[in-house]
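Worksheet: the structure to be examined is printed underneath.
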Amino acid sequence: MIVGKVWKYGDDINTDVIFPGKYTYTISDRKEMAEHALEDLDSEFAKNVQKNDIIVAGKNFGCGSSREQAATCIKEAGAGAIIAKSFSRLFFRNAINEGLPVVECPEAVDLLKKGDTAEVDFINGKLKAGGKEFDFVKLPPFILEIFNDGGLLPHTKRKLDKK
Amino acid sequence: MGQTFVQKILAAKAGLDHVEVGQIVEIVPDVALSHDNTAAISKKFETLGIEKIYDQNLHIIVLDHCVPAASEKYASNHKVIREFVKNQEIEKFYDINNGVCHQIVLEKGHIGPGMVGVGSDSHTTMYGAVGAFSTGIGRSEMAVIFGTGKIWFKVPPTIKFEITGEWPDNLTSKDLILHIIGDIGSDGAFYSSCEFTGPAISALNMSDRMVLSNMSVEMGAKNGYIPPDEKTLLWLSERTDKKFKAVYSDEDCKYSKVLKYDVSKIKPTVARPHTVDNCVTADELSDVKINQALIGTCTNGRVEDIEMAASVLKGKKIHPDVRLLVFPASMDIYKESIKLGYIEILIDAGAVIMNPGCGPCLGAHEGTLAPEEVCISTANRNFKGRMGCKEASVYLASPLTVATSALTGKITSP
């Protein structure tokens, strides 16, 4: 269960404002990536985010580049989950591959405001916000397994070691 | 019920007779592209504890995002990649003197009809222009392909775009795709396979087709396929001896949507800051002054694009307050453009000709913007900060519109 305070943003939050292109080949350290999380969207985020805080946004979150650092910087900054109306396919994959919970739940997005508290049970597809409970579509078992192993690299390593 | 292109190609790769939309398949692609991000990918690959990569022939590595290196960090990044390429004996490696990765993959004949390509870059969708299934993936996913060859996909639904009408002289495929994205929005083709069909598509040359496939990702698509025809096969036969087995959608297949556009009714279109779907016609923006004009990138940096710019700028001078940067998408394109006299025309008009590569498209170097500056570009993205400065503005347009605007100093319809 992830319980955290909400940071609220709008539609089409793209990878360039999440992790600017100028850093994509100059920053390789995960902690340093976290320092730039959401830099061109909200300069307060990286400074003030607390462990398990939850990003809430509109449609098409993470659109644009394939850059995995967009998911890495948010995860490393401490965010516990992202709830959005929808996610770009590349960001969605990158987030799961990084072990960052991504929840599609348009109703909850409309309800939540900055500073609210939300509770996410990612594995079981349950979300509590504003005194209401929501069900969201759970990951298919094949993909849930990647998430449960902590991301794609540890998942692949585990499978390779088993052979 | 028949099957769509994407169902058929993913079923074949997965060794299945039939797949349903929504089904997850695991496949080994035919082509796996990575670029300057190969350094980071190689570090992720190392965590898998595998010594030798799964298949050297699968991989194409192109240095293009910041070439030549703009700083010690970029230089060190390139060095790691060159060492990885050597240690892993990867033959299809293109160093800094080649061009933009997607152009290289196509131009060198590495991919064609019926093949599956993946790349750790979102504009990998471009290979749909030659009838391939191709899409972007993340760095960890590419690291796993280096290790095991495998990647999973969810079989997407398909949107068919039926494009008809005679092309007006001042209209290009860039205007069409901007018009479509403006119409259906940045998530209008979410998670979908796009098929571009109809007489107005058949009429396009290969360069113009690549623009449509390249920019499909800007409406959220997984891939952007154009059914291969004689033009496709001729274009490929000039580049490779490979034999291809084209895949087409069955006539009775099920599309999630069919969208129709008549190009004779579309006007030159521009995407305003800071989203690609924020589109209006160029003539609505005639009061927007520009500081920089850019012709190039994987979207519009081919000989045909440079020719369009030269046709506008021949014997003329660009506006004194404008900097015009031209990035041929590859060294072959650069050489051809010199041979055809276009480069001289552009230099005489006041352009700066840059080396093939991504240039300032992703904000790394070679023409980044200052606060309050405005650039009109033939690239594919205009997100805030995209060209290195979050207080700058980027407009997207066709090579004709960009060249015409460079002459007048403000956004001008060709």
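The values are calculated or read from the model by the stated rules, or taken from the named source; none is laboratory data. Given the structure is predicted, the values throughout are model-derived calculations rather than measurements. All Cβ positions, glycine included, derive from the backbone under ideal geometry; neighbour counts span all protein chains shown.
So the values come out like this:
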| read-out | value |
| --- | --- |
| Single unsatisfied condition, A:F142 versus (1) part of a helix (DSSP H, G or I); (2) exposed (fewer than 15 other Cβ atoms within 10 Å of the Cβ); (3) away from chain B (no Cβ under 11 Å) | (3) |
| Check on B:D262, acidic (D, E), away from every other protein chain (no Cβ under 14 Å) and more than 20 Å from B:H102 (Cβ to Cβ) | yes |
| Residue list for region B:16-74, filter: over 21 Å from the mean Cα position of the chain (by Cα) and assigned to a strand (DSSP E or B) | B:I24, B:V25, B:E26, B:I27 |
| Residue check, A:A37 among the small types (G, A, S), more than 11 Å from chain B (Cβ to nearest Cβ) and in contact with a strand residue (DSSP E or B) (Cβ under 6 Å, 6 or more places away or on another chain) | no |
| Residue in region B:161-181 that is surrounded by fewer than 24 Cβ atoms within 10 Å (Cβ to Cβ) and within 14 Å of another protein chain (Cβ to nearest Cβ) present | no |
| Scope region B:210-229; condition within 14 Å of chain A (Cβ to nearest Cβ) and in contact (Cβ under 8 Å) with a residue 60 or more places away in the chain; matching residues | B:N214, B:M215, B:S216, B:V217, B:E218, B:A221, B:K222, B:N223, B:G224 |
| So B:G367, is it closer than 22 Å to B:N98 by Cβ, in the same structural domain as B:V322 (by TED's automatic domain parsing) and surrounded by 24 or more Cβ atoms within 10 Å (Cβ to Cβ) | no |
| Answer from A:A57, A:A84, A:A77 - the residue that is among the aliphatic types (A, V, I, L, M), surrounded by 19 or more Cβ atoms within 10 Å (Cβ to Cβ) and touching an Asp or Glu at 6+ places or on another chain (Cβ under 7 Å) | A:A84 |
| Residues being buried (at least 24 other Cβ atoms within 10 Å of the Cβ) and closer than 25 Å to B:E72 by Cα - total across region B:329-361 | 8 |
| Region B:138-153 residues that are more than 7 Å from chain A (Cβ to nearest Cβ), paired with ones that are of a type in the set (S, T, Y) and buried (at least 24 other Cβ atoms within 10 Å of the Cβ) (beta carbon under 8 Å, 6 or more apart) | B:M142/B:S34; B:M142/B:S120; B:F153/B:T135 |
| Selection from region A:87-121 of residues that are assigned to a strand (DSSP E or B) and buried (at least 20 other Cβ atoms within 10 Å of the Cβ) | A:F87, A:V102, A:V103, A:A118, A:V120 |
| Flag if B:L58 is in contact with a helix residue (DSSP H, G or I) (Cβ under 9 Å, 6 or more places away or on another chain), closer than 21 Å to B:A329 by Cα and at pLDDT 95 or above | no |
| All positions within region A:145-163 that are facing chain B (nearest Cβ under 8 Å) and surrounded by 18 or more Cβ atoms within 10 Å (Cβ to Cβ) | A:G151, A:L152, A:L153, A:T156, A:K157 |
| Any hit, region B:197-212, residues being part of a helix (DSSP H, G or I), in contact with a Ser or Thr (Cβ under 9 Å, 6 or more places away or on another chain) and closer than 15 Å to B:K257 by Cβ | no |
| Test result for B:G198, under 27 Å from B:C361 (Cα atoms), buried (at least 16 other Cβ atoms within 10 Å of the Cβ) and touching a Phe, Trp or Tyr at 6+ places or on another chain (Cβ under 8 Å) | no |
| All helices (runs of 4 or more DSSP H) inside region A:7-58 with 2 or more residues being more than 14 Å from A:A70 (Cβ to Cβ) | A:30-35, A:43-48 |
| Extreme residue, modelled with the lowest pLDDT, among residues of region A:122-139 that are part of a strand (DSSP E or B) and surrounded by 15 or more Cβ atoms within 10 Å (Cβ to Cβ) | A:A129 |
